[in-house]
Structures are given as structure tokens and as C-alpha cells.
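This report refers to the structure that appears directly beneath it.
The values are calculated or read from the model by the stated rules, or taken from the named source; none is laboratory data. Treat the numbers as computed from the prediction; the structure is a model and nothing was measured. Cβ placement follows ideal geometry from the backbone for every residue including glycine, while neighbour counts extend to all protein chains displayed. Note: accessible area is taken over every heavy atom of the protein model, side chains too, but ligands, DNA and RNA are not part of it. Shrake-Rupley method; radii C 1.70, N 1.55, O 1.52, S 1.80 Å.
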Amino acid sequence: MPIASSTEISMFYGWWQFSVCLFAFFCLMAIWYHIGKRQNDYGPVWLAISILCWAFSGLVEIVFLDNGEVGAHFKEGLRSILSLMNSLFILMALPCFKYLPKHFDPVIKSKFWAYIVGIPFLFALLPTLHKMFLAREASVINELDVFYALLTLIFLGFVLWESFKKRRLPLLGWLSTLTVIITLIAQIYKLLDNTINLLLFSAIFKTSLIMLFFALALSWVKELTETLIPESHNLKLTFPYGKQAVNIKGFPGYESRVVELTPALYKLLRTFAERKLHTSEGWLEIKPKNFEASKNYDINDHNELKRLIIALLDGLFGKRNWTKDKHLTPLKNTLFQMSENRERKIRLLIPKSNISIDNE
């Protein structure tokens, strides 16, 4: 069986990279068009454009395949520029990520992030263009985009890990770490100018990163479905014996979720449940501003009820990983009903059959 020459391998790799990355670009853009556009989230767009840079890099591999030493020189220069652009677009996508590591969050979310990633990009791009047109050897072009890629990998690795961990997908978090390590090895081979091994590791890490980007998009869709607030009749509350917690069933993607509460908030929620089970109407009364000193009220003020809802949301979705419009208000409307005729009256809206209190 004849052994393929380096030219044939480069041709195959070029067509593979161009076709696969172009297809991945259109797929990510389609996901954004159908879902992300409505959410006003442009993270998938930046990631898609970064993959498009790889597609153009594969096209460069094909076009400059047999153009001699001059062609090889320009090929390396163009590939280096596209590599820099790929890293830049990945870095531009990071502020759109919902979950960021605590030590990186202030930096990535700051108004200076564009300068933090843009200035190093220019410092790498301008010398690359200079060497591309004036240097005699193509090998000296590779170093600058490698260093910029290392900066990208540091941020990307931590952000991917945090995103998958917060979405309860630890295996994907470990796979993202493995992909970052493989990418680092590919960058080392790029400095060593080992063509065959570089193509091998480049194909591996690009394929892995593309699959991780799709896994990230699917985890985002998964989170959107799981954070939908169910209807009242679909929710079930169970109060385990001896614990200051409530077991909540009915949310998509999970059989049950256990939320631990402070003693005061647990007592309030349990009072709602007991009043629903043991009385005909189940109302609790909120203390008015001009209250009667001789009368006992179930709830001191509306803030106490708000604290209960916030505690439930933090336990369900993670601390502050929710919004007022999509989570707080819908959950309040799902759990509680205000009296239409009598002011400052509120009761649990969940059916009696869906409430269970373990007393033993």
C-alpha cells in the first residue's frame, strides 16, 4: 500500500478543515438564529466566527499548496493571521458566557476587556504582517500567534470548566480540560515546526473544540428548558422529617431538587403548607402598617415573602443565577395566590394532593 506524501496529507487536511469548520460555522449560526437571537446573546456568533477563521485557514492550505517557497511563506503568514483572529473572536465571546470564574469575572466583564484582548492582538498582528512580507523564512512567523493562543487557552479553559460545572455537567468540564491540554501540545509542535505531528494534533484539538462548542450550546439550551417555571399543578412539595429543607419535584430535567432554608424561612413555607392542608381556604395574613397590637399575624411584611422566594430560587438554580422577569415573578405567581377580595391575604397555590409533610 503506497504511503501518502506530505503534499497529499496537507491537501487532505486542508479540505477537511475547510469543509468541517465551514459546516460547523453554519450550524452554530443556525443555533444562534433560532435561540440566541431571541435571548440577545451573541456568544455563539463570536464562537462561530472563530471557527470560520479555521475554515479559511484550511482554504489557505489548499490554495498555497504547490506555490514553492514564496507560496509557503505567504501560507504561513496567512495561517498565522487567521490563528490570531480565531483567538481574538474566542476571547470576544467570553463576556457573553453566563458563568465565569470569580477571579476572572471582574476582568472579563469590565469595559476594558476589548482593550485587554485587542492590544495584544495588534502587537502580534503588526509584527506578523511585517515578517510575512519582509522575512525570508516562514518559521519565524509562528511564534507570535502561539503566544496569543496561550493567553486564549488560559481564559477559555477556566471559563469552559466553570460553565460546565455550574450546569452540573462535570464530565464535559474534564473533557474541556483535556482538550485544552491537547491544544497546548499542538502549540508546542507549532513552535518545533513538526509538520506531520502538528497536523495530527491540530486536527484533534480543532475537532474537540468544535464538539465542545456544540456541547456548550446544548448545555445552554438544556439550562433554558430546566429553568422554566412549571405550572402549580405540576409542582410537588415534600417536607422531610428532621430537616429544615423542602424537596421540590416538577422541574424539567430533575426528578427532585432539595432546597435548604433558614429556620425562619422554613417555618414560613411550612406554615403555608400546613394551612393549605388543614384549613378550607388556607390563607395567611400579612401584617399591615397600622396593625392591631393584640392580633398575631402570619407574615410580618412583603419582604419576608420575597426573601423566601429568593432563597428557593438560589437553591433551585444557584445563587443569583436567575432573573426577576424569567424566574422570580413566575415562581411567585406559581407558588402563591393573593386574595382578590381581602387585602394582605395570601395562600399556597399548589394543590393539597401535591403537598406532603413527614412528621415521623
Next item on the list: Given the conditions (1) of a type outside the set (K, R); (2) in contact (Cβ under 8 Å) with a residue 24 or more places away in the chain; (3) closer than 23 Å to A48 by Cβ, report the number of the one that L199 does not fulfil.
Entry: (3)
Check: Is there a residue being within 22 Å of L216 (Cα to Cα), open to solvent by less than 30 Å² (accessible area, probe 1.4 Å), part of a helix (DSSP H, G or I) and not β-branched (V, I, T) anywhere in the stretch 115-125?
Finding: no
Next item on the list: Can you give me the number of residues within the stretch 222-241 that are modelled with pLDDT under 80, open to solvent by 20 Å² or more (accessible area, probe 1.4 Å) and within 19 Å of S356 (Cβ to Cβ)?
Entry: 0
Item checked: Pairs with Cβ under 8 Å, 6+ apart, first in the stretch 232-246 and closer than 11 Å to V259 by Cα, second assigned to a strand (DSSP E or B) and open to solvent by 100 Å² or more (accessible area, probe 1.4 Å) -> K243/E260; Q244/E260; A245/E260
Next item on the list: Would you mind telling me which numbered condition in (1) open to solvent by less than 40 Å² (accessible area, probe 1.4 Å); (2) at pLDDT 85 or above; (3) part of a loop (DSSP other than H, G, I, E, B) K111 fails?
Entry: (1)
Next item on the list: Specify the residue that is farthest from I62 (Cα to Cα); the eligible residues are those in the stretch 73-95 that are open to solvent by less than 20 Å² (accessible area, probe 1.4 Å) and hydroxyl-bearing (S, T, Y).
Entry: S87
Notebook entry, point to check: Taking the stretch 96-108 only, how many residues are surrounded by 13 or more Cβ atoms within 10 Å (Cβ to Cβ) and without any contact (Cβ under 8 Å) to a residue 24 or more places away in the chain?
Noted result: 2
